[in-house]
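Only the coordinates and a few stated rules stand behind these numbers; no lab work does. It should be emphasised that the depicted structure is a prediction, and the values quoted were computed from it without experimental measurement. Here Cβ is always computed from backbone atoms with ideal geometry, including for glycine, and neighbour counts include all displayed protein chains.
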Amino acid sequence: MAADPTVVGSRSDGDRETTTALPELATVAWRPRVDAARLDRQDALWTLTTAAHVAPFLLAAAVLVWLEPLLVPVALLCLVHAWAIPALYAQRGANVVRPGPRGAAGPERASVGLLGDLIGHEARALHARTGLVLEPGGLGTWVVGEAGALLVRHGRRRRVACWCVQVREPELPAGDRIAHLLLALRADETGFATVANLAFSGAPWRVRARMRRAQRPALDAARAAARAAGRRAS
Amino acid sequence: MARLIRMDRTGHTTVAEWSAADPEAVARAVEAFREELDRGYLAMVSTGPGHAEQVRELPLDADTVILRLPISGG
C-alpha cells in the first residue's frame, strides 16, 4: 500500500506552525508521492508507450511496401502517423508553458514586480526575455510557466518532463500565476510533481521545436544547468 | 514594516502591515490573516533562496507573507 503522500511532516517553531507537505496533495490522495525512482519509471513507461504507438505503423509501412510496391502511398500514410503521434504528445508538453492571454497592463506589471522579488537577478533577466522562470530543485532544474513546468533532471539533459499544473483563477495576471507555482514548488518539490499531471516525457528537441522562439532559451538554460549538475555529481 | 500580501487580479494587494512592536497592528494583521485563510488562501513565507514554507499562523518575525490559492493538475 502506498504511503499517504500528504504526510511529510509539520512542525511548530515557536509561534510558527509550518507544514512541509502541500495541502493540495489531499486532492490526489490516491497518487504515490513522486520521487527520483518514480520519475525513472514514468520516463521508461512513457518511452515504451510511445514505442508501442509508433512501432505498429512503422511495421505496417514496411510490410505494405514489401507485399506490394504500389502500396507506397498507404505506407507513407503509416509513416506520417508514426511521426505525428510523438509530435502531438510533444505539442501537449510544450503547451504547459504556453503563455496565456494578457490582462490589463497595471496588474500584469504589479505581478511581475512581485515575482521579481521572489527570484534572483539571473532568473529575473531570463524571465524578462522568455516569460519563464528557471528554478533549481532537488530533482533537477525546473522551467516554470503560467500553466505548468518543465523538468530537466540532473545529469539527464536529453530528456524533459512537462508537467501541467496551475492555479484555477482565470483573472490572475501572468506573474502571479508563475509565483503561485514557484512558491508551491519551493515548499514541496516532490509534492508539486505529485499534484501536477505529466503531459509529456521525452526528447527536449521535440518540445523545444514547439515552444515559442522567445521561450526556447529557458529550456536551453535548464539543460545546461542539468548538464553542469551531472558533471558535479560524477 | 512586515507585510501580508495577497496575489489577486490586481497583481497583488497588501492586506495588512505590522510591526512586532505595535500590538494593535499585529492584532489587525492576525485577524486579516485568519480571514484570508478562511477564504481558502494558503500563506507562504520564503525561508531562503529557493525555499518556502506554508504557515498556518502569522509569523510575526517574517518580512513578507504571501497568500496564494491552491494549485491543481491541468
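Here are a few things to note about the model shown:
- Other-chain or far-sequence residues with amide H under 5 Å of A:GLY137's (modelled H): A:TRP142
- Dipole magnitude of the range B:2-68, debye to nearest 20 (Cβ charges: Lys/Arg +1, Asp/Glu -1, about Cα centre): 300 debye
- Each peptide among A:42-50, A:221-229 gets the average number of other Cβ atoms lying within 10 Å of its residues, and from highest to lowest they stand as A:221-229, A:42-50.
- Dipole of the range A:31-234 [Lys/Arg +1, Asp/Glu -1 at C-beta], most positive-end residue of A:HIS154, A:LEU88, A:GLY138: A:HIS154
- The string of couplings for the range A:96-103 from the Karplus curve (6.51, -1.76, 1.60, θ = phi - 60°) is 5, 10, 5, x, x, x, 8, x Hz, one whole number per residue in order, with x for Gly and Pro.
- Placing unit charges on each Cβ (+1 for Lys and Arg, -1 for Asp and Glu) gives the protein assembly as shown a dipole about its Cα centre, and among B:LEU67, A:ALA44, A:ALA21 the Cα reaching farthest toward its positive end belongs to A:ALA44.
- Student exercise, the protein assembly as shown dipole from Lys, Arg, Asp, Glu Cβ charges, in Debye to nearest 20: 1820 debye
- Note on A:175-185: average number of Cβ atoms from other chains within 10 Å of each residue's Cβ is 5.
- Per-residue ellipticity at 222 nm from helix content only, as computed over chain A with -39500 (n - 2.57) for each DSSP H run of at least four residues, stands at -18000 deg cm²/dmol.
- Cβ neighbours within 10 Å from other chains - mean over A:106-113: 3
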